[in-house]
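Scroll down for the structure; my scribbles are underneath it.
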Amino acid sequence: MSDAESSASGDSSSSRSRSRGRAEIAVGCVVEIHGLEKSVELNGQEGVAVSCSAGRWAVLLRDEARKVSVPSEQLRRRQLGPQEVRLRFCNVPEGYDSALMRQELEDECFGEDAVLSVVHDTENHHCYITAASQAKARQIVLNFDGRRLERLGPGLLPESCLRQNVKLEWL
């Protein structure tokens, strides 16, 4: 995790009033980093918010090189297009990454016109995707929810039957 910028004001009423004007950030939101002074190279980068602790979000950068910790105030939620839908694949097997997940989606005829972004969280075995429309999101859920992903071979999947099946969540 990087950027040790601190935002500890301790005044919860002022932080509440500041957040009223901003779109709330939640797990799975696509966010843009801005206003960092110590890690300026991160400014302008997009990622997916994956967890929050003590006012800081763990953000998985789109380039998948790393996960960074960023104060809430330095994140701007990217608004989805009118039809876009966020989904999270859970229980993604070891060895998968964004490219392999993208290939899995393309094999089921969900190309770049249907799936706008794919960001893989290796640590938590999740994959966050943005579908181009509600209809595409429903099709992805129908094709993948409860299905085994076996690209790596059956011997490489986790042992628990439940862990072998991917689950999808609407975010």
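Values quoted throughout were computed directly from the atomic coordinates according to the rules given, and no laboratory measurement underlies them. Just so it is clear, the model here is predicted, and its values are computed rather than measured. Heads up, the Cβs are rebuilt from the backbone with ideal geometry, glycines too, and the neighbour counts pull from every protein chain shown.
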Decide, for region 23-77, between rounded, prolate and oblate: order the square roots of the alpha carbon gyration tensor eigenvalues as a ≥ b ≥ c, take rounded if a/c falls under 1.5, and otherwise choose prolate if a/b is larger than b/c, else oblate.
-> rounded
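How large is the Kirkwood hydrodynamic radius of region 43-103, in angstrom, based on all distinct alpha carbon pairs? Before the final figure, lay out each step's value.
Numbers: mean 1/r = 0.0746 Å⁻¹.
Value: 13.4 Å, from the Cα pair sum.
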Among all the lysines, which ones have a C-alpha under 20 Å from K38's C-alpha, if same-chain residues fewer than 8 places away are not counted?
-> K67
Loop only per DSSP, at most 12 neighbouring Cβ atoms within 10 Å: give me the trypsin sites (Lys or Arg not before Pro) in region 26-75, ordered by residue number.
-> K38, R66
Radius, Kirkwood style, for region 72-154 when every pair of distinct Cα atoms is counted (Å) | 13.4
Which residues' amide hydrogens lie under 5 Å from the amide hydrogen of C29, considering only partners 5 or more residues apart or on another chain, with H built in the peptide plane?
-> A49
